[in-house]
Number of protein chains: 2
Amino acid sequence: MSTLDIKAPKDIESLYTFTDDASNPELFESWKPKIQAYRDELDKNTLKEYRVPESDIPSDIDTKIFNTVEFLSKSTALTEKEKEITSMSATELADKIAKSELSSVEVLKAFAHRAVILQQCTNFAMDFFIHEGLKRAEELDDYLAKNGKTVGPLHGLPISLKEQIGYAGKITNGGWVSYLDYIPEENATTIKVLLNLGATFYVRTNQPQSLMHLDSNNNITGRSRNPYNSLLTPGGSSGGEGACVAGKGSCLGVGTDIGGSIRAPAAFSGCWGLRPTSRRISCWGGVSSGRGQESVVAVAGPLANSIDDIELFMKSYINEGKPWDDDQLCIPVLWRDVPKPNAKDVTVAILYDDGLVKPHPPIERGLKFVESKLKDAGVNVIKFEPFEIEEAYDVVHKMYSCDGNYMQKEMIKKSGEPLLPMTKWALSFGDGDKMYTAAENRDLNYRRDALRKKYNDYFVKNKVDYIISPTYVGVASVTIQDGIAGAYYWGYTSLFNILDLPTLVFPTGLSQDPKVDVKDESYVPRNKLDKIEQDKYVAELLEGAPICFQLTARRYFDEETVAFGKVIDDILKN
Amino acid sequence: MSTLDIKAPKDIESLYTFTDDASNPELFESWKPKIQAYRDELDKNTLKEYRVPESDIPSDIDTKIFNTVEFLSKSTALTEKEKEITSMSATELADKIAKSELSSVEVLKAFAHRAVILQQCTNFAMDFFIHEGLKRAEELDDYLAKNGKTVGPLHGLPISLKEQIGYAGKITNGGWVSYLDYIPEENATTIKVLLNLGATFYVRTNQPQSLMHLDSNNNITGRSRNPYNSLLTPGGSSGGEGACVAGKGSCLGVGTDIGGSIRAPAAFSGCWGLRPTSRRISCWGGVSSGRGQESVVAVAGPLANSIDDIELFMKSYINEGKPWDDDQLCIPVLWRDVPKPNAKDVTVAILYDDGLVKPHPPIERGLKFVESKLKDAGVNVIKFEPFEIEEAYDVVHKMYSCDGNYMQKEMIKKSGEPLLPMTKWALSFGDGDKMYTAAENRDLNYRRDALRKKYNDYFVKNKVDYIISPTYVGVASVTIQDGIAGAYYWGYTSLFNILDLPTLVFPTGLSQDPKVDVKDESYVPRNKLDKIEQDKYVAELLEGAPICFQLTARRYFDEETVAFGKVIDDILKN
């Protein structure tokens, strides 16, 4: 099967519940020069001196699998020292910089160099400003030399930022063409906090139009590619972050998540990613269509290449960053030091299949692998019997669109940009264009609270500590042709948004193997959504895609989530 | 001026923005037997053997000032021992019960006895079940005798409950006639928690129709009277609690607050009351019209006769009660031990007048007294220059009614009960009957968040630790004639609901004195609301009403609020 045979789901238009009264081709024409200028700027700032020759990158990268991670590891464009630096965890780097064993400048140079090549292969970035970053790194080196101490626990760490996070003086578009005119005067809280902690910034990363795809494609800089397989999406909406962190173009990244937007990129691209409980990491100062929407709130959180780095980020951001001094929505609750639990004291419930849409073969295989490893380590593993899955899906999807798509359309109308296929899907969530009344919205909230009660009771009454589940039906999905084969079913991630439970994506070390992960041709789909997702499983196109899962704990048990993440890491590595 | 001259505000009907399509006299007739049965039950359970002769209570109690607190202190119906017990703080009582110096039974008997007499004078209760309480107290005494330890930190404490809090097996009406049919199967989380901690229950307290008055009057058991002055309201909506706790019919009480409903009762009746930050004390399992409404959320919190008791409640409820195991909305954040700050290290901003509605003479006098006391103790006192007061008032009042009064009317329609004057006022909040769209509701939320940002910045940038402010324009308002002279302006309390800031009401020890607190007849009201509130100040009718204020800190700085409450207590007592 050729990738060109991948089509949009059959009769997809019959599922649409919106009217396209937002796009306007004539108006959009007038925005094209701005888009071109933005692309030119990105091209200019993708430093020529850091690039590999274009000829090094296959021209059929969008029709034939290309593994950027492998390419980078073999490439001689990066020095051995640069490879060594970019292979270190943020925790190691912070330690070595603090001891002056590495300088902030050489660390940033290594990551920026790698990021530029990664950009050539995956188009993960929207905005590079490496010279600014290097100036900041120099200042940090000077500070350390003069004062004999770092400015903070993230001193000199090259951190990537989802572009949507408001950056003072820089266009912040959030994937909307109309926002190419928007330049915040003030940094978002998260940027202020990370600067205070010593971070260096040099790259902002890609995201989809509307921020409501599990891929990263927009009308400004186009789509990003998965670092392990160029036919696949790195996920979304923080997909640029997934590609960047997993491709080691940064040592830590910041994403946001309202339906899976940190976790899909982490899982698809193959790194760690934490969707914290709400109001711990600030979203204040970002561009989104969710202003004032709090039925299901967006959260921000880290993507990283190790669980220690997730903890480094959370602990230093919260305890030393004190985001509540700037963002009134963050709760002033310190990060607790929770020791790794003893595997034998832990009960984990594994969700193999939510009953609505069946996971693909590599996911089934991966879960069995995890189950067996955990059992061997003495963990009490039980099966999670799904409940209220349809209710949760229904409620959260109605919440996404219950302003009748008003705000999203407002943001699209200003430029008249065409709707991408996955945007059309997102505008069809819930009741699509139907504007809810405040009373109907309250009813959704009440149904949400009832769900939260049932799940909280599940944990407490059954003495279950954690749930492990698929992040998505499959590994990263094929996302050529503007994403028409993308990820349609959000149920595995959005469940934990509606429940507001801390959820950590962890890599298993496994990846999709077409020879092993063979499609079950006899399977009869349960419903339209299931059919859409099953049709998309074409084993040979998914080769090399990482297999990752979600680890979920009770609300505000973020620290316990990370603590057991370390245990899982130990178990899977042994 | 006679109390009978107190009228509804002039032209009040011109301010109404609702249609009364909910009350239905014919339907209401059919509910009258149920109301009568409920009253009969209350009368039966107001134990005859605990009552004083009816002749002890003046028949003109509703037209001439009667001070119940004074009456109780002089009455010989209570034994000296009972007076001694009911004058102790909850903290002292818990200690003496734990040491077996007092039994749970004798403590409950003393409070129940006093509560029954208090009920005769103030009509604060909706539901007595003293025999049940005594049985529980006996069990607690047995447990302590057998095990040599208490069941928890509130072992044997007689705690009163706002009736609205769902009580398994007991009618829970929330002030709505139609809910005389509602008997919860399960206890509200707060009741479960308090039972686990050792509380004894025996009385549930009065509240207004709709729960949206700052008084306590309904079509079921009528209106409550202030324990210090029978012409006045004890406040609302937790007004029964205010009267009960201040009148020492219980040693601790639980109220709820969405616009001032813990603080107005505490301030009007003259006790301590804490409106904690949201999601610390559970509201799950209560009857209200706010299901799924989370733009401005209701909170539950304690009323008490000492600041130590407020802390005892908060600390034990949270740290040992762990409400999040039952109520998924509560955040699992422990109560921190915060030492009393040194007065000299503290900056307090005093709000004398919010610029919209001017406080009455006793409030001005009280604030000057507090300022001078704090300054003498070394506190850095500055003037709070009000900002965004009209915006806050506008946003929060629109939030209250932005479902177009849908849910309140639903709850009224079922019985067709007539609307009380203050209910009509509440149904006129914001845009009254106008149903908001979800998008308009989001816009209100966004305006709220912008307000919260500005106030958070105020605290942080000016290094202000606390704000002290009036709880209401005046002391408790006259509330004869079905509350038509009641409290119309909520701005001083609702400000801290929209901002979700922890706010503690503290007594000053002062009370209104008609000779000193003379009306300024030359004052020209600023607006209609101001005129309504100024017209109501009739000095001679308010005699003896306590003067109390609000102490407010940053969001989730509940512990710091209580810690400084102790300092204020020390300062005002010296």
Q: Report, by residue number, each residue of region B:1-46 that is under 21 Å from B:Met126 (Cβ atoms) and of a type in the set (Asp, Glu).
A: B:Asp40, B:Glu41, B:Asp43
Q. Are any of the residues in region A:296-312 of a type in the set (Gly, Ala, Ser), closer than 24 Å to B:Leu329 by Cα and within 14 Å of chain B (Cβ to nearest Cβ)?
A. yes
Q) Which number in (1) assigned to a helix (DSSP H, G or I); (2) in contact (Cβ under 8 Å) with a residue 60 or more places away in the chain marks the one condition that A:Lys358 misses? A) (1)
Q) Which members of region A:338-357 meet the condition of being at negative phi and either within 14 Å of chain B (Cβ to nearest Cβ) or small (Gly, Ala, Ser) (or both)? A) A:Val338, A:Ala343, A:Ala349
Q. Checking B:Ala438 against (1) surrounded by fewer than 21 Cβ atoms within 10 Å (Cβ to Cβ); (2) without any contact (Cβ under 8 Å) to a residue 40 or more places away in the chain; (3) of a type outside the set (Lys, Arg), which test does it fail?
A. (1)
Q | Flag if A:Asn173 is among the polar types (S, T, N, Q) and either free of Cβ contacts under 8 Å to residues at least 24 places away in the same chain or out of contact with any Asp or Glu (no Cβ under 9 Å at 6 or more places or on another chain) (or both) | A | no
Q: Return only the number of the condition from (1) charged (D, E, K, R); (2) in contact (Cβ under 8 Å) with a residue 40 or more places away in the chain; (3) out of contact with any helix residue (DSSP H, G or I) (no Cβ under 9 Å at 6 or more places or on another chain) that B:Asp443 does not satisfy.
A: (2)
(Q) Checking the structure you have, find out if any residue of region B:157-177 is under 26 Å from the mean Cα position of the chain (by Cα), in a helix (DSSP H, G or I) and not aromatic (Phe, Trp, Tyr). (A) yes
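Residues that are part of a helix (DSSP H, G or I), small (Gly, Ala, Ser) and either away from chain A (no Cβ under 13 Å) or under 28 Å from B:Thr172 (Cα atoms) (or both): does region B:428-436 have at least one?
Checked against the condition, which is being part of a helix (DSSP H, G or I), small (Gly, Ala, Ser) and either away from chain A (no Cβ under 13 Å) or under 28 Å from B:Thr172 (Cα atoms) (or both), region B:428-436 yields no hits at all.
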Q. Within region A:368-386, can you find the residues that are touching a residue at least 24 places away in the same chain (Cβ under 8 Å) and in a loop (DSSP other than H, G, I, E, B)?
A. A:Ala377, A:Gly378, A:Val379, A:Phe384, A:Pro386
Q) Are there any pairs with C-beta distances below 6 angstrom linking a residue in region A:35-55 that is touching a residue at least 60 places away in the same chain (Cβ under 8 Å) and on the phi < 0 side of the Ramachandran plot to a residue that is surrounded by 12 or more Cβ atoms within 10 Å (Cβ to Cβ) and among the aromatic types (Phe, Trp, Tyr), with the two at least 6 apart or on different chains, and if so which? A) A:Asn45/A:Phe128; A:Thr46/A:Phe128
Q) Residues B:Ile467, B:Ile484, B:Ile532: which one is in contact (Cβ under 8 Å) with a residue 60 or more places away in the chain, within 27 Å of B:Val381 (Cβ to Cβ) and among the hydrophobic types (A, V, I, L, M, F, W, C)? A) B:Ile467
Q.
Please pick out the residue among A:Ala553, A:Ala563 that is under 30 Å from A:Val333 (Cα atoms), modelled with pLDDT of 95 or more and in contact with an Asp or Glu (Cβ under 6 Å, 6 or more places away or on another chain).
A. A:Ala553
Q.
Which condition from (1) out of contact with any helix residue (DSSP H, G or I) (no Cβ under 6 Å at 6 or more places or on another chain); (2) in contact (Cβ under 8 Å) with a residue 40 or more places away in the chain is the one that A:Glu29 breaks?
A. (2)
Q: Report, by residue number, each residue of region B:453-484 that is surrounded by fewer than 18 Cβ atoms within 10 Å (Cβ to Cβ) and within 13 Å of chain A (Cβ to nearest Cβ).
A: B:Lys453, B:Lys454, B:Asp457, B:Tyr458, B:Val460, B:Lys461, B:Asn462, B:Lys463
Q. If you take the residues of region B:491-535 that are in a loop (DSSP other than H, G, I, E, B) and in contact with a Phe, Trp or Tyr (Cβ under 8 Å, 6 or more places away or on another chain), which of them is nearest to B:Glu311 (Cα to Cα)?
A. B:Pro502
Q: Filter region B:523-550 for residues that are among the basic types (Lys, Arg) and either within 22 Å of B:Ile331 (Cβ to Cβ) or touching a Gly at 6+ places or on another chain (Cβ under 9 Å) (or both) and give the result.
A: B:Arg526, B:Lys536
Q: Kindly indicate which of A:Ser224, A:Ser216, A:Ser237, A:Ser316 is under 17 Å from A:Thr190 (Cβ atoms), small (Gly, Ala, Ser) and crowded, with 24+ Cβ neighbours inside 10 Å.
A: A:Ser237
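What residue, of A:Gly292, A:Gly301, A:Gly273, is without any contact (Cβ under 8 Å) to a residue 60 or more places away in the chain, crowded, with 22+ Cβ neighbours inside 10 Å and within 30 Å of A:Tyr446 (Cα to Cα)?
Answer to the check: A:Gly301.
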(Q) Take the conditions more than 30 Å from B:Ser316 (Cβ to Cβ), small (Gly, Ala, Ser), surrounded by 14 or more Cβ atoms within 10 Å (Cβ to Cβ) and in contact with a Phe, Trp or Tyr (Cβ under 9 Å, 6 or more places away or on another chain) and apply them to B:Ala22. Does it pass? (A) no
Q | Filter pass, A:Val396 being more than 14 Å from chain B (Cβ to nearest Cβ) and over 30 Å from B:Asn441 (Cβ atoms) | A | no
Q.
Could you check region B:399-427 and list, in sequence order, the residues that are in a helix (DSSP H, G or I), buried (at least 23 other Cβ atoms within 10 Å of the Cβ) and touching a Lys or Arg at 6+ places or on another chain (Cβ under 9 Å)?
A. B:Met399, B:Ser401, B:Leu427
**Q.** Tabulated pairs, region A:318-337, first more than 11 Å from every other protein chain (Cβ to nearest Cβ), second among the acidic types (Asp, Glu), C-beta under 8 angstrom, 6+ apart or interchain
**A.** A:Trp335/A:Asp558; A:Trp335/A:Glu559; A:Asp337/A:Glu559
Q.
For region A:459-514, give me the residue count where each residue is under 18 Å from the mean Cα position of the chain (by Cα), closer than 18 Å to A:Phe66 by Cα and modelled with pLDDT of 95 or more.
A. 2
**Q.** Failed item, numbered, when A:Cys251 is tested on (1) on the phi < 0 side of the Ramachandran plot; (2) within 14 Å of another protein chain (Cβ to nearest Cβ)
**A.** (2)
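Yes/no per residue for (1) touching a Leu at 6+ places or on another chain (Cβ under 9 Å); (2) polar (S, T, N, Q):
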{"residue": "A:Val245", "(1), (2)": "yes, no"}
{"residue": "A:Ile258", "(1), (2)": "yes, no"}
{"residue": "A:Ser261", "(1), (2)": "yes, yes"}
{"residue": "A:Phe268", "(1), (2)": "yes, no"}
{"residue": "A:Gly286", "(1), (2)": "no, no"}
{"residue": "A:Gln293", "(1), (2)": "no, yes"}
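The values are calculated or read from the model by the stated rules, or taken from the named source; none is laboratory data. In this text the structure is predicted, and so the values were computed from the model without any measurement. Heads up, the Cβs are rebuilt from the backbone with ideal geometry, glycines too, and the neighbour counts pull from every protein chain shown.
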